[in-house]
Each structure stands twice: as structure tokens, then as C-alpha cells.
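Enquirer: Take a look at this one; I'll ask things after.
The values are calculated or read from the model by the stated rules, or taken from the named source; none is laboratory data. Everything quoted here is computed from the prediction, not taken from an experiment. So basically every Cβ, Gly included, is an ideal-geometry build from the backbone, and we count neighbours across all protein chains shown. The protein model used for the area step is the full one, side chains on, heavy atoms only, and it has no ligands, DNA or RNA in it. Shrake-Rupley method; radii C 1.70, N 1.55, O 1.52, S 1.80 Å.
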Amino acid sequence: IRRLREFVARGGDAEKRLESLPQLVEEASALALLGTKEKGVRVVFRIPAGLPLLLVDRVQIQQVLINLMRNAVQAMTEQDLSDEAHTRQLTVSASQLNADHVELAVADTGPGLAPDVAGHLFEPFVTTKEGGMGLGLSICRSIVEAHGGSIWAETDPEGGVVFRFTLQTVSSNFPLAEEC
């Protein structure tokens, strides 16, 4: 596991290219959200037009998005929702923080985070899932940090969890790789 995380942190065979954030989200959600409608999950996307391009490894960033979306759906569909008024909603949003960073958020209306787990979510072998290995969020952290960003989770005061992560954008000051 340590070698896998180091591989991801070094970039391994990462092929960073200029990518459109809306396209990354669209492609990742097509994989991550198969069958969610049948589970009663409403999905909302809030990705504004005009966000700057990212210099990222498309597969790695999509893996982060897929993991966060699947975790959110699983958290909402595993809880006992005898209350018919409860809405299962997954919201994926993005915003530009400043000239050099965008922030992505994956929010759910699930049961939220237990306080004893919240501070350790991104450590290897920490899981809230029955039968989970506790590697997904640790690998997500390594990928995001290898791309110059950060990742964290917040409890939503209205219920559920919001996972947020930042990525560097391509600005006029950003040094592009030779192949770009």
C-alpha cells in the first residue's frame, strides 16, 4: 500500500494534459452514477461555464471523483430511510477559488460522519463501510496532493457530508510541460 501511494504521489506514469473540468466531471459521473436513479438518488451538477483548464492526469482525477461519488451514493442508500420525506441527493459542484485554483465538492444527504472517524478519514485502513478496506480516500488524498491540491471533508449542518478538493488551474503564470 505504501508503494502504491508513493507511485501515485510521484505521478507514476501520469500523463498530465490540459483538461476541461466539466468534461472530467461528466465522464466520471457516467461511470460512478450507474444505477443511482433506481436507488432513488437525485443528482445535481453545479459546474459553471468558463472555468480554466487544468493540467492533470485525467484518469487519476476521474478516479478521485468516481470514488467520492460512489461513497456518497453508498452512504445514502445504506441508511434506513423509513422517513419518506428524506431526499437522497448528490450534488457535484465546482467553483474558482482564485486565479490558480478551483474547488470541487461532492455533497450527499446521508447520515454524516461520526466524530471519531472524521479526523482520520484519509488515513490508510480507516473505513466506515462494513467490509471496506479503507484505501480509497487515502489514495484520493495522494492523487490530489500529487496534483498540487488538498482534500478534506466537512459535515453539512443540514445533514450529510461534503468532500472538497482543490486543483491547480492553468493560468498565464503556470509552467506548462513541453508536450502541452
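Enquirer: Determine the sum of side-chain charges near residue 56: Lys and Arg each +1, Asp and Glu each -1, restricted to other residues whose C-beta is under 11 angstrom from that of residue 56. It would help to have the intermediate numbers written out before the result.
Expert: Details: positive: 16, 17, 58; negative: 15, 19, 57.
After counting each charged neighbour, the total is 0.
Enquirer: Same structure, new question: Keeping all protein chains in the complex and leaving out DNA, RNA and ligands, what accessible area do you get for residue 93 with a 1.4 Å probe, in Å² to the nearest 10?
Expert: 30 Å²
Enquirer: Can you compute the modelled spin-label distance between residue 89 and residue 51, with each label point 7 Å from Cα toward Cβ, in nm?
Expert: Label at residue 89, label at residue 51, 1.9 nm between them.
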